[in-house]
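Read the structure below first, then the notes.
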Amino acid sequence: MPIVLDMHRHRAPFLPGAPRPTNGRTVAPLVEFEELAPFVVDDAVTDVLVLADRGVWVDRGDGVVSVPGLVLREDRARDLAQALIALGGRHVDETTPCADVRLGDGVRVHVVLAPVATPGTAISIRLPRGRRPTVAALEAEGFFDVVPRDVVDHVVAARRNVLVTGATGSGKTTLLAAMLALVPPDERIVTVEDVAELRVDHPHVVGLEARQANAEGVGALGLDRLLREALRMRPDRLVVGECRGAEVRELMAALNTGHDGGAGTLHANGVADVPARLEALGALAGLGPDALARQAASAFDLVLHVDRRRAGRRLVGIGAFGVDPGGRLEVRPMATVELVRARGGRSAASTPGAGEPVAGAVAGGVAFRGRHGAASGARVVASSG
C-alpha cells in the first residue's frame, strides 16, 4: 500500500524508519526537502523526480527507478515545490507556474505547477556529487574510454575554445567543471549561468547567475546582459554554463576578441547536429546562417560530445568547426582519435577516410589547427566514416 502524503509537513529530514545512506552528501538546509531528504542526501543519487499523485523516482546513474510506496498528493507536492523555490529566492504561483533555482552548492530544483504540468505538479531535483568533479575522477569512472583524457588535457593547456554538447543529464556540466579545474591557479575564471550548477575546484572563480523578474515583472537579468558584464571583469577564461538564446552572439563576439580558453555547453544529439542548434540560437540573436558560420568557426575550436550510456557517462566524440563551400557552418565529426606518444614519431594515418589529420601534426601530444593555425601537443586524427 503506497504512502500518500498530504499537507502535513514532515519537518524531520528523514521519515520514520527510512534508512540513512552511508555515502551521504552535505545539503543545507536538508530539512526543507522533507520526505525527499533520504534521496537528496544520498551521494549515489543524481536526480529526484516527483509527479503529484503518481509517484517519486530516483536515478542512481543507471536509469530512473520508482520509489516503492511513496506518493505526494497534489496539494502536498505544490506546497513543497513553492517552499523549495522560495528557498532559492524566487517564486512560483499561478501567474509564474515554472521556476528554476539553485540551492546550496549546486543542487538544482526545477518546478512546473499544475495544470501547466497536466498530470500534476512536477518537481525535478538535479544533485551534484559530493566532491567537485576532476578529470582524474572521471577517468577512474571510465569517462574517457572512447576519447582519451589526453585530448581534454591539451584543450585546457592550449587554451582552446570549446563547446561541450550532449543531452540532458549526459555530463556536460560535469565535464566542463572538471576541465576548468585543470586551469592554472593564477588564471581568473568568470562563469555565466542561468542557474549556477558549475562546481569548479579552482581558487579563483567568479560566478554570475541570471535572475528572473520579480512579481511586478521587473528586475530580470538575462545571460546576454551578464555576459557583457563578465567581459568587464578581466576574465582569463570566460564560460557560459549553457548557451540557449541570444547570448550565443555575445559569447562568440568575446571569443573572437582575444578571450581564448573559453567554453560553453549546448544541448545537441550529436556532433553533426551542432550547426543546426547554433543556427537556431543565432536566429534568436538576429544572425543569419552565413554570419553565424563565420562567427562560430572563428570563435570555437572544437566540440566535445558526451553521452549517457548504460555503462555510465562517456566522452564519445570530437568535432572540428569549419565553413562549407556554401558558406554554412559545419562541424566535422572526428570518428577516430589517435594519440601520437612516440618521441619524434609520425602518425601513419594521413589519408582521407582512413584517418586524415584534421589538424596540424606534431609528435608528443595533441595538435589542432583551428582558429590559431598553429599545431602543438598530441595529435588528433579524424576519419570521415
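Structure data summary
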quantity	calculated
Portion, in percent, of the accessible area of segment 61-178 that falls on carbon or sulfur, probe 1.4 Å	52
Distance between modelled label sites at residue 86 and residue 188, nm, 7 Å Cα→Cβ extension	3.9
Sum of side-chain charges, residue 164 neighbourhood, beta-carbon under 10 Å (Lys, Arg +1; Asp, Glu -1)	0
Label point at residue 95 placed 7 Å out along Cα→Cβ; residues across segment 199-236 whose backbone nitrogen lies under 19 Å	211-221
Calculated SAXS-style log₁₀ I(q)/I(0) at q = 0.10 Å⁻¹ - segment 99-183, Debye, Cα scatterers	-0.36
Per residue accessible area in Å² of segment 141-255, where ligands, DNA and RNA are left out and the probe is 1.4 Å	37
Gain in span if fully extended, residue 283 to residue 298, counting 0.36 nm per residue against the direct Cα distance	3.6 nm
5 angstrom amide H check on residue 147, placed H, neighbours 5+ away	315
17 Å cut-off, amide nitrogen to a point 7 angstrom out along residue 168 Cα→Cβ, residues in segment 278-318	307-309
Length added when fully stretched, residue 157-residue 221, from 0.36 nm per residue minus Cα-Cα	19.8 nm
Segment residue 53-residue 137, extension gain: residue separation times 0.36 nm, minus the distance between their alpha carbons	26.4 nm
FRET E, pair residue 204, residue 310, Förster distance 41 Å, beta-carbon r, rounded to 0.05	0.60
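The values are calculated or read from the model by the stated rules, or taken from the named source; none is laboratory data. No experiment lies behind these values; they were computed from the predicted model shown. All Cβ positions, glycine included, derive from the backbone under ideal geometry; neighbour counts span all protein chains shown. To get the accessible areas, we keep the full protein, side chains included, count just its heavy atoms, and leave off ligands, DNA and RNA. Shrake-Rupley method; radii C 1.70, N 1.55, O 1.52, S 1.80 Å.
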